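**Student:** Have a look at this one before I ask anything.
The numbers here are math on the coordinates, done by the rules we state, and not lab data. Please read all numbers here as calculations on a predicted model, not as lab measurements. Glycine gets a Cβ as well: all are built from the backbone with ideal geometry, and neighbour counts include every protein chain shown.
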Amino acid sequence: MSIKQDAACIFCKIIKGEIPSFKLIETAHAFSFLDIQPTSEGHALIIPKYHGGKLHSVPDEFLADVLPIAKKLAKALELDTDGIDSPVGYNLLQNNGKIAHQVVDHVHFHLIPKRDEKTGLI
Ligand code: 5GP
Ligand code: ZN
C-alpha cells in the first residue's frame, strides 16, 4: 500500500516538511515529533505516513512502526524503567473522534512522559 496524504492536513504537511516540527524518529511508514502544546516535557506524537482519521482506517503496515518508535522514544527519554512503582512512566494515548477528544483528523499516538516531581527526576 502506498502513502496516502491530504494536502490540507496539518500532520501531512508536517511529514512533508511544509510545517516545521521538532522531528524525533522517522521510518518509511511513520514519523514522530514533539507536541506543540506538551502535557509534560518530551510529549511526543507518533503518526503513520498515511492520512486516515481513525485507527481502523489506517493499513496495518503503517501502524507496524508505531510501537517500535514508542519504545525507542521511551528509552531515549529515560522512561524505560521496569517495575510498576518506578518514579517514571508514560502514557501512550490515541483518540478517535471528537467525542473521544480527537482534534487533529490524522491518526496520532501521544507518548506522554510521567515523572514524579518529588524525586527530582525530570
Ligand atoms: P488530539 O486531541 O487530536 O488527540 O491531539 C492533537 C495534538 O496535536 C495536540 O496535543 C496538539 O497540541 C498537537 N498539535 C496540533 N497542531 C500541531 C502542530 O502544528 N504541531 C505540533 N507539533 N503539534 C500539534
Ligand atoms: Zn494527514
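**Student:** What order do you get for F22, F62 when you list them from fewest to most C-beta neighbours inside 10 Å?
**Tutor:** Fewest to most other Cβ atoms nearby, the residues stand as F22, F62.
**Student:** In whole angstrom, note down how far apart the Cα centers of region 46-74 and region 75-122 are.
**Tutor:** 16 Å
**Student:** Compute the normalised compactness of the chain: alpha-carbon radius of gyration over 2.2 N^0.38 Å, N being the residue count.
**Tutor:** The reported ratio for this selection is 1.08.
**Student:** With springs connecting C-alpha atoms under 10 Å apart, model the chain as a Gaussian network and identify which of D35, D85, D65 has the largest mean-square fluctuation.
**Tutor:** D85
**Student:** How much mean residue ellipticity at 222 nm does the chain get from its helices, if each DSSP H run of length 4 or more adds -39500 (n - 2.57) and you divide by all residues, to the nearest 500 deg cm²/dmol? Could the numbers behind the result be given before it?
**Tutor:** Numbers: 3 runs with 22 residues, N = 122.
Result for the chain: -4500 deg cm²/dmol, rounded to the nearest 500.
**Student:** Separate question: How high is the relative contact order of region 10-119, given as a whole-number percent (alpha carbon pairs under 8 Å, six or more residues apart)?
**Tutor:** 28 percent
**Student:** If you don't mind, there's one more thing I want to ask. Could you give the angle, 0 to 90 degrees to the nearest 10, between helix 66-76's Cα long axis and the longest principal axis of the Cα atoms of the chain?
**Tutor:** On a 0 to 90 degree scale, this one is about 30.
**Student:** Magnitude of the Cβ-charge dipole of region 19-99, K/R +1 and D/E -1, about the Cα centre, nearest 20 debye?
**Tutor:** 340 debye
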